[in-house]
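Below is one structure, written out as structure tokens; comments come after it.
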Amino acid sequence: MARHPRWTRRLLSAEGLDAVVHALARAEATTSGEIRVHLERRLPRRRGGPPGDVLERAHEVLRRLGMHRKDERHGVLIYLALADRKLAIVGDEGIHARVGDAYWARVRDHMVEKLQTAAARDAILTAIHDVGRVLAEHFPRRGR
């Protein structure tokens, strides 16, 4: 399976990281949408100042990864800044227009609940499953 930086093991074991990779593959098998999980040690700081805004950073990463280039604009990013204990779930324009802010907040809040009980693997896997289900509903996989 993929190699992951050692610092990610502060959140997930190697097996947990591999479980995330497999969950992403299963979720994307049912949709034309794209889901990514992005872990960073911490939010970037502006010249030694406080960390930036987690939502801004998540949108920036979504763009940097090129997830906004799909015609249907249906990419979803699950972003976690480990040391800052921040997370965000953002969807590109196509999926966001269909589910809205309340959906992202619900998935985020559910993740926060699980993370508070030290269930990081379960938090991420549940979010991937939920997002995959919603993407499949709005953007089902088309025949090849």
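The values are calculated or read from the model by the stated rules, or taken from the named source; none is laboratory data. Values in this document were obtained by computation on a predicted structure and should not be read as measured data. Heads up, the Cβs are rebuilt from the backbone with ideal geometry, glycines too, and the neighbour counts pull from every protein chain shown.
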Checking Arg57, Arg63, Arg73, Arg36 in turn, the sole residue that is among the basic types (Lys, Arg), modelled with pLDDT of 90 or more and in a strand (DSSP E or B) turns out to be Arg36
Has region 25-32 got at least one residue that is over 12 Å from the mean Cα position of the chain (by Cα), surrounded by 14 or more Cβ atoms within 10 Å (Cβ to Cβ), modelled with pLDDT of 90 or more and farther than 21 Å from Asp122 by Cα? yes
Per the filter on region 114-133, residues among the β-branched types (Val, Ile, Thr) and either surrounded by fewer than 20 Cβ atoms within 10 Å (Cβ to Cβ) or over 23 Å from Glu28 (Cα atoms) (or both) are Thr117, Thr126
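Only one residue in Arg85, Arg108, Arg46 is within 22 Å of Arg6 (Cβ to Cβ) and of a type in the set (Lys, Arg). Which one? It would help to see each step written out before you state the result.
Working: Arg108 fails: within 22 Å of Arg6 (Cβ to Cβ); Arg46 fails: within 22 Å of Arg6 (Cβ to Cβ).
Of the residues listed, the single one that is within 22 Å of Arg6 (Cβ to Cβ) and of a type in the set (Lys, Arg) is Arg85.
Within region 46-59, does at least one residue satisfy the condition of being touching a residue at least 40 places away in the same chain (Cβ under 8 Å) and crowded, with 17+ Cβ neighbours inside 10 Å? Steps first, please.
Initial filter on region 46-59 (touching a residue at least 40 places away in the same chain (Cβ under 8 Å)): none.
The answer is no, given that none of the residues of region 46-59 is touching a residue at least 40 places away in the same chain (Cβ under 8 Å) and crowded, with 17+ Cβ neighbours inside 10 Å.
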